[in-house]
Every structure is written in C-alpha cells, then in structure tokens.
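The structure appears below as structure tokens.
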Amino acid sequence: VLQLADSAIADAVALPDGWAWIPGSRDRVIVEQNGKRHEIHQAPWYASLIHVDATDDGSRLLTVGWNATTSDTLRVDVVPTSGGTPVEWSRSFAEDGLAKWLADGSIAFTVWSSTDAATIYQLSGPGQEKKVGPLAHVSNIVSVSRDLQRATLSWREYRGDAWMYRVVKP
C-alpha cells in the first residue's frame, strides 16, 4: 500500500520492498524502499517523464519521457533503483509510446509514429535495439507478454455521426 498526501502521481510501480513513482511535476522519480526515500532526477534532455517500470527484482528502473526542445521525441533511460545517473537506451520520434521490462532483462518499447501506426522494438542495452515489427492494427494501448510472444491491443472507435435530437418548444 502506498499512501501519499499528494494525490498527483503521473505513474507508479511497485517494488519488492516499496514503490517508485513520478510525481505530478513529472521531473523526477521518487523511490521509497523500507521506509526510506530518495529521488532520481530527470536528465536535462527531458521536458517531462511519463512512465516508470521496474525489473522483477526491483534493482533497475526504466523511465520514458519527452524531450525538452520540441516534445516530439521519446527516450527510454535505465537507472539503478538505488540511484545514479540514468543511461539512455533508446530514443525515437513519437506521437506516443510506452515501455516495459521483459523477463530476459530487455525492454519492449512501443512507439506510435502517428496516431494510427505503432511499432514494437526490443531494447537489450544502450543503443541496442531490434525491430520486432509494426502492429497490423490501429491501437491506442498495447500490452505485451513478458516473453514477447503475445500482445493485447486496445483501441477506440469514435462514432460521432450517430446523434439523436429532439426539439422541444415551450
């Protein structure tokens, strides 16, 4: 259970012995383990952090965030949960994106290059990425299995042309 006086949390992930979260200011990750807190500040490259995830053993965090100059590029960094300097693993022009640790210690990085086109990459280290492939269906949310063998796609369909009107004269 995580109870905070400030309810503005951008994202959070459970650790074996605590939590890590991005506060509403989106400028750092706060880590609380065994009742002790420390902060991991974003690199100057970032405008804001949008996502945090942790390895199963809680030893490393990944962060995803937007660049400060144009806000059109997402970057994935990895940092020890205990703190230190985040290391860039990948960056990509994007409309949206998300990342997740996989069972083998690599990262699934899903990047939307437009509102309709997403591609999944597997990151195995800094600058080491393999294109898994583009998604064959429009999607808003993608969840991949930890072995990268399955995925669940979610999407929204707007049907704004179906309206009913009733005119009432007083």
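Give the calculated FRET efficiency between Asn140 and Val87 to the nearest 0.05, with a Förster radius of 25 Å applied to their Cβ-Cβ distance. The formula returns an efficiency of 0.25 here.
Within the chain, the longest run free of exposed loop sites, counting chymotrypsin sites (Phe, Trp or Tyr not before Pro) that sit outside DSSP helix and strand states (H, G, I, E, B) and have at most 14 other Cβ atoms within 10 Å, spans 1-154. Just to confirm my numbers, what's the Cα centroid distance between the range 129-153 and the range 46-122 in Å? Measuring centre to centre over Cα atoms gives 15 Å.
Around the Cα centre of the chain, unit charges on the Cβ atoms of Lys, Arg, Asp and Glu (plus for the first two, minus for the last two) sum to a dipole of about 440 debye.
The phi torsions of the range 53-64, fed into the Karplus equation with coefficients 6.51, -1.76 and 1.60 and a -60° offset, translate into couplings of 9, 10, 5, 4, 7, x, 7, 9, 10, 10, 10, 10 Hz, rounded to whole numbers, with Gly and Pro shown as x. What the phi angles of the range 133-147 give under the Karplus curve with 6.51, -1.76 and 1.60, with θ = phi - 60°, is a coupling list of x, x, 7, 7, 9, 4, 8, 9, 9, 10, 10, 9, 6, 5, 9 Hz, glycine and proline written as x.
For the range 1-78, the Cβ-based charge dipole about the Cα centre amounts to some 180 debye (Lys, Arg positive; Asp, Glu negative; other atoms uncharged). Per residue, the chain exposes 59 Å² of solvent-accessible protein surface, assessed with a 1.4 angstrom probe and all protein chains in place. The apolar share of the surface of the chain, taken as the fraction of accessible area on carbon and sulfur atoms (1.4 Å probe, ligands and nucleic acids excluded), comes to 51 percent.
The values are calculated or read from the model by the stated rules, or taken from the named source; none is laboratory data. If you're wondering where the values come from, they're calculated on a predicted model, not measured in any experiment. So basically every Cβ, Gly included, is an ideal-geometry build from the backbone, and we count neighbours across all protein chains shown. For the accessible areas, the whole protein counts, side chains as well, though only heavy atoms, and no ligand, DNA or RNA atoms are used. Shrake-Rupley method; radii C 1.70, N 1.55, O 1.52, S 1.80 Å.
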